[in-house]
Amino acid sequence: MVVPREALLLVIGLLLLAQPVVGNGPGPETQYTYEVEPVNLSNHESVEILFEHPAVAVQRSSTVRVVRNAATETFSEEAEIVAPELRDLVDRRFFADDSGDQYYRVDARITNGTFKLDASPVSARAVVEELGVSLTDALEPIRNAVDGDVTSRTEAQATVVTDGDRALLVRVVDTESVPDRLAIVKIPAYAVGVALVIYAELSLRRE
């Protein structure tokens, strides 16, 4: 016969161990350090930091010619034999031709086993305008970094932030392991949860 008190203790113990604050244990956490860089559209060297955005593919010698040609005629090839760096464009919105100081908007897709690519030249300003998000719409660690708090326990992808007349690229530049801030809470809570589960299981077995 199940004893209600022991069953309740078992449920409480399992819930305690399963909830996020305790469930992942009191181990070290990863701390991310962000860098905030202005995007100066009149300075080509500054604009190159847009390469760090996940929507922008960085130039590779084997893809530059294909992308340039795709600006005048659709590139089409069997998907199975397309180079990995070209297939990577399926997940990108822009391609950066560093040697030609030119950005391209790319439309890469695979349809019925065929890889197709179209491209069109765009300005760096167009890239910023399309990728940029307002400061209020940015994720919390991005907003905090712009406000001066450049460390966070949360990782966010590189983001172009538009704030008035400013354009900023905010990205992670360093990671390190740091002590768990909630360890002082997790350790005793974890111990209580384990103790409750063990006690309840032993009591139920005796019953």
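The values are calculated or read from the model by the stated rules, or taken from the named source; none is laboratory data. Source: prediction; values computed, not measured. Note: accessible area is taken over every heavy atom of the protein model, side chains too, but ligands, DNA and RNA are not part of it. Shrake-Rupley method; radii C 1.70, N 1.55, O 1.52, S 1.80 Å.
Ignoring ligands, DNA and RNA, how do 53, 44 rank by accessible area with a 1.4 Å probe, largest first?
Numbers: 53 20, 44 115 Å².
In descending accessible area the options line up as 44, 53.
Hey, any idea what % of region 50-140's accessible area is carbon plus sulfur with a 1.4 Å probe?
Using a 1.4 Å probe with all protein chains present, region 50-140 comes out at 43 percent carbon and sulfur.
Could you state how much accessible area residue 92 has, in square angstrom rounded to the nearest 10, with a 1.4 Å probe and all protein chains kept in place?
Rounded to the nearest 10, the figure is 60 Å².
Report the relative contact order of region 29-178, percent, no decimals, based on alpha-carbon pairs under 8 angstrom and at least 6 residues apart.
It comes to 35 percent, rounded to a whole number.
If ligands, DNA and RNA are left out, what is the accessible area of residue 98 with a 1.4 Å probe, given in Å² to the nearest 10?
Surface accessible to solvent at residue 98 totals approximately 60 Å².
Taking a 1.4 Å probe, which of 49, 81 shows the most accessible area, and what order do the others take after it?
81, 49
Please report the accessible area of residue 123 (heavy atoms, 1.4 Å probe, ligands and nucleic acids excluded) in Å², nearest 10.
Residue 123 has an accessible surface of roughly 60 Å² with all protein chains in place.
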